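First comes the structure, then the notes that go with it.
The values are calculated or read from the model by the stated rules, or taken from the named source; none is laboratory data. This structure is a prediction, so every number in the text was calculated from the model and none was measured. Neighbour counts run over all protein chains shown; Cβ positions are idealised from the backbone, glycine included. Accessible surface areas use protein heavy atoms only, side chains included; no ligands, DNA or RNA. Shrake-Rupley method; radii C 1.70, N 1.55, O 1.52, S 1.80 Å.
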Amino acid sequence: MEDWLEKPKTVLRWSGLKARPNHAGHLIGIGELAESGTGITIPGFTLQIEVKAPCDVARCLYLFSIMHQQAGDRRRAYQLEVSPAGKRTHNGDDQPIHGPHEHVDDDVFAVSDLAVKCENWSGALYWFFTRTHIEPFEIPDPNRDGL
């Protein structure tokens, strides 16, 4: 993993999950990333969590992302994509990936941890926080809390 990803981080100015105006039924939340302990923001890095509107909980698509903006270009630096285990979610060079997977810069890895699944919002969120070294904070389950 990248060095920046290993450093402890906290989230400042979390927006909460809100309706995404250009995608009906989708929710998005954004926050600034800062160094844990000092609270100094990490230039160009933001947390972005997106919940795409499912037909039912078993067909979720959660995107837990760290975005990086540099020289006007905004790109994904890290992303955990949570979706049903049987769903083809990434067309890899060697073999396609089904179900949850993560992107670390340009690399893609399947995620087999049993906590990372559609029916376990808090488990998937905690796994993301642990993997990215972000201090956990409460984000209500969009399926249960009627967001």
Take Ala110 and tell me if it is open to solvent by 50 Å² or more (accessible area, probe 1.4 Å) and in contact with a Pro (Cβ under 9 Å, 6 or more places away or on another chain).
yes
Looking at region 80-107, which of its residues are in contact with a helix residue (DSSP H, G or I) (Cβ under 9 Å, 6 or more places away or on another chain) and crowded, with 17+ Cβ neighbours inside 10 Å?
Leu80, Val82, Ser83, Pro84, Pro100, Glu102, Val104
If you scan region 18-39, which residues turn out to be modelled with pLDDT of 95 or more, of a type in the set (A, V, I, L, M, F, W, C) and either farther than 23 Å from Asp141 by Cβ or in a loop (DSSP other than H, G, I, E, B) (or both)?
Ala34
Result of the Cβ filter at 9 Å on region 37-49, keeping first residues that are farther than 15 Å from His133 by Cβ and partners that are open to solvent by 90 Å² or more (accessible area, probe 1.4 Å), at least 6 apart or interchain, is Pro43/Gln69; Pro43/Gln70; Gly44/Gln69; Gly44/Gln70; Gly44/Arg74; Thr46/Gln69; Thr46/Arg74
Checked Ala77, Ala71 against criteria (open to solvent by less than 50 Å² (accessible area, probe 1.4 Å) and of a type in the set (A, V, I, L, M, F, W, C)); the one match is Ala77
Identity of the residue in region 1-17, open to solvent by 70 Å² or more (accessible area, probe 1.4 Å) and not in a loop (DSSP other than H, G, I, E, B), that ends up modelled with the highest pLDDT:
Glu6
Take region 18-32 and flag every residue that is surrounded by 16 or more Cβ atoms within 10 Å (Cβ to Cβ), without any contact (Cβ under 8 Å) to a residue 40 or more places away in the chain and either among the hydrophobic types (A, V, I, L, M, F, W, C) or in contact with a helix residue (DSSP H, G or I) (Cβ under 9 Å, 6 or more places away or on another chain) (or both).
Ile28, Ile30
Selection within region 85-103 - of a type outside the set (S, T, N, Q) and under 13 Å from Leu63 (Cα atoms):
Gly99, Pro100, His101, Glu102, His103
Taking only region 49-60 into account, find how many residues are modelled with pLDDT of 85 or more, surrounded by fewer than 20 Cβ atoms within 10 Å (Cβ to Cβ) and not in a strand (DSSP E or B).
1
